[in-house]
1. With Arg194, Arg200, Arg161 as the choices, which residue is among the basic types (Lys, Arg), free of Cβ contacts under 8 Å to residues at least 40 places away in the same chain, within 30 Å of Phe124 (Cα to Cα) and in contact with a helix residue (DSSP H, G or I) (Cβ under 8 Å, 6 or more places away or on another chain)?
2. Looking at Ile172 and the list (1) in a loop (DSSP other than H, G, I, E, B); (2) in contact (Cβ under 8 Å) with a residue 40 or more places away in the chain; (3) surrounded by 13 or more Cβ atoms within 10 Å (Cβ to Cβ), which single condition is not satisfied?
3. Consider Val273 against the criteria (1) surrounded by 23 or more Cβ atoms within 10 Å (Cβ to Cβ); (2) modelled with pLDDT under 95: it satisfies all of them except one. Which criterion is unmet?
4. Any idea which residue in the stretch 247-264 is nearest to Gly335 (Cα to Cα), counting only those that are in a loop (DSSP other than H, G, I, E, B) and not charged (D, E, K, R)?
5. Which of (1) among the β-branched types (Val, Ile, Thr); (2) at pLDDT below 95; (3) part of a helix (DSSP H, G or I); (4) buried (at least 22 other Cβ atoms within 10 Å of the Cβ) is the odd one out, the single condition Thr267 does not satisfy?
6. Counting only residues that are within 21 Å of Arg312 (Cβ to Cβ), part of a loop (DSSP other than H, G, I, E, B) and more than 13 Å from the chain's Cα centre (by Cα), how many does the stretch 182-226 have?
7. Any chance the stretch 235-246 includes a residue that's in a loop (DSSP other than H, G, I, E, B), surrounded by fewer than 16 Cβ atoms within 10 Å (Cβ to Cβ), of a type in the set (Ser, Thr, Tyr) and touching a Pro at 6+ places or on another chain (Cβ under 8 Å)?
Amino acid sequence: MSERPPISPRSPRAALEPEQVPPPPKRSDRARNPFVVFGNAVITIVLVLMIGAGGGYFYGKQKIEAPGPLQEDKIVNIPARAGMTDIADILQREGVIDNNRWAFIGSVFALKARSELKPGEYAFQKNASLRDVIGTMVEGKVVQHAVTIPEGLTSQQIVARLSENDIFTGDIHEVPREGTLLPETYKFPRGTTRDQVIARMQQTQKRVLAEIWERRSPDIPVKTPEQLVTLASIVEKETSKADERSRVAAVFVNRLRQKLKLQSDPTIIYGIVGGKGTLGRPIKRSEILQPSLYNTYVVDGLPPGPISNPGRASLEAAANPARTRDLFFVADGTGGHAFTETYDQHQKNVAKLRAIEKQVPNDTVEPADDPQPAAAAAPTDAAPATPAATKPAPAKRPARVAPARQGAAQTTASPPVVQR
């Protein structure tokens with residue numbers, strides 16, 4: 001057992017006195033170094049900044065990716081030359097972003113997109129976040145408007161349609177050459193110039209025509225792609241039924257092979273009105289044999305150029321017509337046509353059409369011929385008013401001409417190719 005040190009007795013007065021505290025340790029000279037003090041201050045500031053930056057990052061990330069106030073999908077147009085604050089004002093006004101436009105501006109800086117925002121018409125999704133809004137504008141995902149150009153329109157008619165469409169800008173300074181535009185459904189952003197639309201339609205037509213020309217039947221009696229377009233334009237105007245195009249093309253191809261006049265009514269109309277496209281009335285009898293470079297009742301073979309802008313299907317039909325020996329076709333009264341190889345059978349089909357037409361009330365009256373001096377009257381005044389494959393002995397003109405669809409002449413004096 002260890003011995004305890006003896007306890008020294010203390011007087012009551014001594015016990016009441018405080019014990020002597022030892023002096024504090026002497027401060028190190030290193031701690032008082034100004035470089036150490038500065039370093040500690042820098043570290044403190046850096047830590048504070050890091051904590052602040054981290055907090056700001058997480059807050060900003062949450063703000064950028066939070067759902068926006070847009071209640072439904074909306075299309076907004078950002079004009080050209082709009083600055084960042086202008087864009088923020090437009091988006092705020094349209095309800096795409098909330099009232100704090102500075103959040104948008106800050107997000108643009110954070111995403112380094114200040115110089116990447118593109119003007120245009122944008123479709124913003126419901127509740128689009130700031131990241132979505134900015135990303136859409138940076139990528140230039142503008143709204144694409146579908147524009148459909150129907151088959152069979154003339155270049156002048158297509159130019160008129162483009163001029164009336166308000167999503168395009170600028171003027172078309174020259175009507176394109178007939179047959180050089182491909183009718184199709186295209187997509188364009190708002191603000192596309194009309195010259196750009198024409199250029200795209202021409203480029204597409206060249207590409208498609210080249211592809212079809214390479215795949216054409218080797219025995220068709222056309223020598224150039226331009227002649228193929230001309231033939232296709234006639235096919236386009238003669239029928240709107242997809243399953244008839246190749247057979248209609250076969251009729252005209254067979255007639256070309258046999259050196260027979262094509263005798264197509266639409267060519268008469270084009271020779272009269274040109275690029276306007278429509279006559280607005282039935283063909284007059286006097287116009288059937290009226291001299292015209294496009295009147296295939298008068299000229300041999302194909303006319304000098306297309307009478308419309310044919311679509312892809314008609315180009316395909318003209319390049320690869322059906323393998324038939326048909327030389328005639330006539331409307332069957334149901335929207336289609338009846339095809340025949342012989343004139344006798346064709347006349348029977350014409351008689352059937354006449355019987356159907358008599359059962360349907362129709363107030364259409366063929367316009368009278370232009371008055372001519374008696375001395376100028378010729379046997380051709382009683383000539384057929386429909387396309388003819390051959391020229392048999394003239395028959396007596398019917399007392400009543402059956403009404404027809406606009407632009408088609410209708411009699412049965414000689415074998416028609418088409419009655420529409």
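The values are calculated or read from the model by the stated rules, or taken from the named source; none is laboratory data. Bear in mind the structure is a predicted one, so any value in this text is a computation, not a measurement. FYI the Cβ positions are ideal-geometry reconstructions off the backbone, even for glycines, and counts take in every protein chain you see.
1. Arg194
2. Checking Ile172 against (1) in a loop (DSSP other than H, G, I, E, B); (2) in contact (Cβ under 8 Å) with a residue 40 or more places away in the chain; (3) surrounded by 13 or more Cβ atoms within 10 Å (Cβ to Cβ), the one that fails is (2).
3. Of the numbered conditions (1) surrounded by 23 or more Cβ atoms within 10 Å (Cβ to Cβ); (2) modelled with pLDDT under 95, the odd one out for Val273 is (1).
4. Within the stretch 247-264, the subset in a loop (DSSP other than H, G, I, E, B) is 258-264.
Those left that are additionally not charged (D, E, K, R): 258, 260, 262-264.
Details: Gln258: 28, Leu260: 26, Leu262: 22, Gln263: 21, Ser264: 18 Å.
Of everything passing the filter in the stretch 247-264, Ser264 is nearest to Gly335 (Cα to Cα).
5. It is condition (2) that Thr267 fails.
6. 7
7. At the first step, the residues of the stretch 235-246 found to be in a loop (DSSP other than H, G, I, E, B) are 239-241.
Those left that are additionally surrounded by fewer than 16 Cβ atoms within 10 Å (Cβ to Cβ): 240-241.
The next check asks that each one be of a type in the set (Ser, Thr, Tyr); those that pass are 240.
With touching a Pro at 6+ places or on another chain (Cβ under 8 Å) added as a condition, the list becomes none.
No, the stretch 235-246 has no match at all.
Let's see how each residue does on (1) within 27 Å of the chain's Cα centre (by Cα); (2) of a type in the set (Val, Ile, Thr):
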{"position": "Ile105", "(1), (2)": "no, yes"}
{"position": "Lys112", "(1), (2)": "no, no"}
{"position": "Gln125", "(1), (2)": "yes, no"}
{"position": "Ala128", "(1), (2)": "no, no"}
{"position": "Arg131", "(1), (2)": "no, no"}
{"position": "Thr136", "(1), (2)": "yes, yes"}
{"position": "His145", "(1), (2)": "yes, no"}
{"position": "Ile149", "(1), (2)": "yes, yes"}
{"position": "Val159", "(1), (2)": "yes, yes"}
